[in-house]
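Notes for the one structure printed next.
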Amino acid sequence: SNQDNKPHVAVLANSGLGHVIPLLEFSKRLVIDHGFRVTFLVVATIDLTPVQDQLLNAPGLPRDLQVLGLPAVDTASIVPEDSRILTRICLTVEASLKSLKAMLIELSSPRVLVVDLFCTQAFDVAGELSIPTFSFFSMSASMLAFSLYMPTLDREVMGEMVDLPGPVWVPGCQPVRLEDLLDQVKDRKNEEYLWFLYHVSRLPMAAGIIINTWEGLEPGSLRALREDSFYRQVPVPPVHAIGPLVHEDGDAEGLRSTDAECLAWLDRQPEESVVLVSLGSGGTLTREQQVEMAWGLELSQQRFLWIVRKPTDASASAAFFNVGSDEEDDPTKYLPLGFLEKTREVGMVVPSWAAQVAILSHPSVGAFLSHCGWNSSIESLAKGVPMIAWPLYAEQRMNAAMLAEDVGVAIRPSVEEGGKVVGRKEIERVVRAVVTGEEGKRMRRRAREIRDSSVESLSHGGSSQASLAAVCEDWKTKSRGCEGELYA
Ligand code: UDP
């Protein structure tokens, strides 16, 4: 078929994997299921990590999905060295988006632009070209509610939010305990707070908000976003819940040899016996915590597959900008002496990165010790796997609270009294509880119910399938912005 006849959508993502992964999957759905041609624009830095490179240059992507890097930004020259993670992302995006307008013109104005939460400058640029712009929100609906309420909190709270006398109340959200607040709002004097506030304040400029969740998982928050008087008066643009978007590792990206080894190892383990331990694209443990983790896993005497990284005391998201790099390659250099030998019969250790979705899909996996990033959380739920919640950074503590307390699919280990670590005994306890205990059975039943609701939402006539189909229909009938002709 002539590709020029296909309606053209541009998608814009910052290079963080938690954004690239779901947006790439979203783009695939547009191309494969809905007949669009998609240009996937990614904010490029001059130093793409091996994992980013593998995803974006995958040979198996559909022909009508073209990945283009915006002119690469040299982060070292624009980002002060002590910047926190979100500041770093936002400064890079801001520099990179200087070339967005020219890029969109060169693409002869796609009819719609879809952007992630930290690329909201695109609303202005695309507005000048009359290209309707949608936001893709890659966190929970409850977090979307929190984000849309942020400008109000910013006005009404005088001091630091962490000094409030009790939990933070937000319409459409369970009350947020102060210790569960996302990192970005804990210190209002930090630039990271201002960046977060800037982007969430601009969300209402979107023509619509596409969100990676589904009615069966977050009915209350989704209803509040549509019906609560606060959100109606903002007003919040239409919210389209189209999740869960779960990429299948291996179909396009191709499995690496370590992935094949993991899957072969899982083939030899009993059903639902293995705990997957994985902390997202950036998560790292402190040295002290890593030692406790190793001991806890060993003491539990349960099977485990641990995607392990070099520990560091510097930050809980230290691997964010170098995941998959060589320094992670040899776990004997950073795991407790003798650990690998002692656990050889029950454990498999993979450095840095593995095909998480393929692993979660394997019948031998019985639990997931996860940092509760939103993508990881919904991948676990879509596969019916109960969780041990191990939040580290960003909004993960809010996700952990929701998964443990509202959804009932996760157990949350407690930190040792007065200490900063979760002790080995506690790790032993939670691992046993989920894999062999009654609590684990209950959580697994609940996780399966949620999985079934996700399957239903994506099947023909289901809520997520219908929302995406309606959005696509709307995009197909949208007339092209006249700028396409002007600049042609
Ligand atoms: N992931 C993976 N292999 C790994 C670690 C992470 O495939 O070893 C994927 C995971 O499946 C998810 C994404 O990376 O799709 C991480 O996104 P999430 O929102 O969970 O966390 P973030 O990395 O943004 O903190």
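The residues of region 223-242 that are of a type in the set (A, V, I, L, M) and closer than 12 Å to S463 by Cα, listed by number, are A241, I242.
Does P219 satisfy the criteria of being surrounded by fewer than 18 Cβ atoms within 10 Å (Cβ to Cβ), under 25 Å from G461 (Cβ atoms) and away from the ligand (no atom under 16 Å from the Cβ)? Give the steps one after another, and end with the answer.
On the way: surrounded by fewer than 18 Cβ atoms within 10 Å (Cβ to Cβ): yes; under 25 Å from G461 (Cβ atoms): yes; away from the ligand (no atom under 16 Å from the Cβ): yes.
Considered against the rule, which asks whether it is surrounded by fewer than 18 Cβ atoms within 10 Å (Cβ to Cβ), under 25 Å from G461 (Cβ atoms) and away from the ligand (no atom under 16 Å from the Cβ), P219 comes out as yes.
Filtering region 269-311 to residues that are of a type in the set (G, A, S) and assigned to a loop (DSSP other than H, G, I, E, B) leaves S273, G280, S281, G282, G283. L61 - would you say it is assigned to a helix (DSSP H, G or I), crowded, with 16+ Cβ neighbours inside 10 Å and among the aliphatic types (A, V, I, L, M)? Spelling it out, it is not the case that L61 is assigned to a helix (DSSP H, G or I), crowded, with 16+ Cβ neighbours inside 10 Å and among the aliphatic types (A, V, I, L, M). Considering region 109-127, and only residues there that are out of contact with any strand residue (DSSP E or B) (no Cβ under 8 Å at 6 or more places or on another chain) and in contact (Cβ under 8 Å) with a residue 40 or more places away in the chain, the residue that is farthest from V9 (Cα to Cα) turns out to be F118.
Only one residue in V234, V246 is of a type in the set (A, V, I, L, M) and more than 16 Å from the ligand (Cβ to nearest atom). Which one?
Values: V246 fails: more than 16 Å from the ligand (Cβ to nearest atom).
Step by step, each of V234, V246 is checked, and only V234 is of a type in the set (A, V, I, L, M) and more than 16 Å from the ligand (Cβ to nearest atom).
Here E417, E405 are screened, and the one residue that is under 30 Å from V185 (Cβ atoms), of a type outside the set (G, A, S) and touching a residue at least 40 places away in the same chain (Cβ under 8 Å) is E405. For region 363-379, the set of residues classified as surrounded by 21 or more Cβ atoms within 10 Å (Cβ to Cβ), under 21 Å from A264 (Cβ atoms) and away from the ligand (no atom under 11 Å from the Cβ) consists of V365, G366, A367, listed by residue number.
Reported count of residues in region 64-88, each being in a helix (DSSP H, G or I), more than 15 Å from V43 (Cα to Cα) and in contact (Cβ under 8 Å) with a residue 40 or more places away in the chain, is 1.
To keep it simple, each residue is scored yes or no on (1) at pLDDT below 95; (2) closer than 28 Å to H8 by Cβ.
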{"position": "S453", "(1), (2)": "no, no"}
{"position": "L458", "(1), (2)": "no, yes"}
{"position": "G462", "(1), (2)": "no, yes"}
{"position": "A469", "(1), (2)": "no, yes"}
{"position": "D474", "(1), (2)": "no, yes"}
{"position": "L486", "(1), (2)": "yes, yes"}
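Close Cβ contacts (under 7 Å, 6 or more residues apart or on different chains) running from residues in region 10-27 that are assigned to a helix (DSSP H, G or I) to residues that are among the hydroxyl-bearing types (S, T, Y) comprise L17/S281; G18/S138; G18/S281; H19/S138; P22/S138.
Quick check on this structure: which one of A389, A382 is within 30 Å of V346 (Cβ to Cβ), small (G, A, S), within 16 Å of the ligand (Cβ to nearest atom) and touching a His at 6+ places or on another chain (Cβ under 9 Å)? Walk me through it before giving the result.
Working: A382 fails: touching a His at 6+ places or on another chain (Cβ under 9 Å).
Just one listed residue meets the conditions, A389.
Restricting region 1-57 to residues that are of a type in the set (A, V, I, L, M, F, W, C) and at pLDDT below 90 leaves a set whose member that is farthest from the ligand (Cβ to nearest atom) is I46.
The values are calculated or read from the model by the stated rules, or taken from the named source; none is laboratory data. It should be emphasised that the depicted structure is a prediction, and the values quoted were computed from it without experimental measurement. So basically every Cβ, Gly included, is an ideal-geometry build from the backbone, and we count neighbours across all protein chains shown.
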